[in-house]
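Undergrad: Right, I'll just put the structure down here and ask away after.
The values are calculated or read from the model by the stated rules, or taken from the named source; none is laboratory data. Quantities reported herein were computed from a predicted structural model and do not represent experimental measurements. Positions of Cβ are backbone-derived with ideal geometry, glycine not excepted, and every protein chain shown enters the neighbour counts. Accessible surface is based on the protein model in full, side chains and every heavy atom, while ligands, DNA and RNA are left aside. Shrake-Rupley method; radii C 1.70, N 1.55, O 1.52, S 1.80 Å.
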Amino acid sequence: HLDWRYFEIRDAFDGRLDAFLSHFPEPRFRVERYPATPCPYLELNDRWEEFLGTRPHPRMRREIRHDLRAMERLPGLRRTTVADDGELQISSLLELWQGRWGKLAEPQLAQYRSVFRSCLESGCLWLDIFWDRDAPITGLLAFLDRKRQSFCFYITGFEIGRASCRER
């Protein structure tokens, strides 16, 4: 039995919400509004080097470049995308995530795989994995909204034994 006395919508930033809520007039219904949750937005330059040369403060810029050079020197480090092998990317990320947060039941894993595959097929999945030779070490998955040109982070995973990037 569902309790229909309360209906809660959280973090719904959609212009249609006001039209929806207009169907619930007072005094029969009570609509409570709370301050919006801030959502950071960063306008990016067209190219990475342009961003790196203009946005971060000089000290952070030096640190980023230092870390990038250190990563480039790591033998066997490579990056793959969903264009390389979507199924491998999805399974690798889920393995990394489970290594950190614990195993998921197979029905739950199947549901994640199904959603991610559907997004892959429709071109709205962004998923990169960094590898040390043949071992995945970290990955990040986001959903793309090409129409609105937005990138919505969803899940990340990393090998807990490599929580810090060090040369070996």
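Undergrad: VAL31 passes all but one of (1) at pLDDT 80 or above; (2) farther than 23 Å from PHE153 by Cα; (3) surrounded by 10 or more Cβ atoms within 10 Å (Cβ to Cβ); which number fails?
TA: (1)
Undergrad: Going through segment 98-119 one residue at a time, which ones are open to solvent by less than 60 Å² (accessible area, probe 1.4 Å), touching a Gly at 6+ places or on another chain (Cβ under 9 Å) and closer than 13 Å to LEU141 by Cα?
TA: Result: PHE116, single match.
Undergrad: Looking only at segment 85-97, how many residues end up being surrounded by 13 or more Cβ atoms within 10 Å (Cβ to Cβ) and either outside any helix (DSSP H, G or I) or not polar (S, T, N, Q) (or both)?
TA: The qualifying residues number 9.
Undergrad: Given the criterion touching a Cys at 6+ places or on another chain (Cβ under 9 Å), open to solvent by less than 80 Å² (accessible area, probe 1.4 Å) and under 26 Å from LEU44 (Cα atoms), identify the matching residue among LEU125, LEU140, LEU74, LEU68.
TA: LEU125
Undergrad: May I ask you to list the residues in segment 133-157 that are closer than 19 Å to SER91 by Cα and modelled with pLDDT under 90?
TA: The one that is closer than 19 Å to SER91 by Cα and modelled with pLDDT under 90: PHE153.
Undergrad: Now for a different question. Would it be correct to say that ALA135 is in contact (Cβ under 8 Å) with a residue 12 or more places away in the chain and open to solvent by less than 60 Å² (accessible area, probe 1.4 Å)?
TA: For ALA135, the condition - in contact (Cβ under 8 Å) with a residue 12 or more places away in the chain and open to solvent by less than 60 Å² (accessible area, probe 1.4 Å) - is met.
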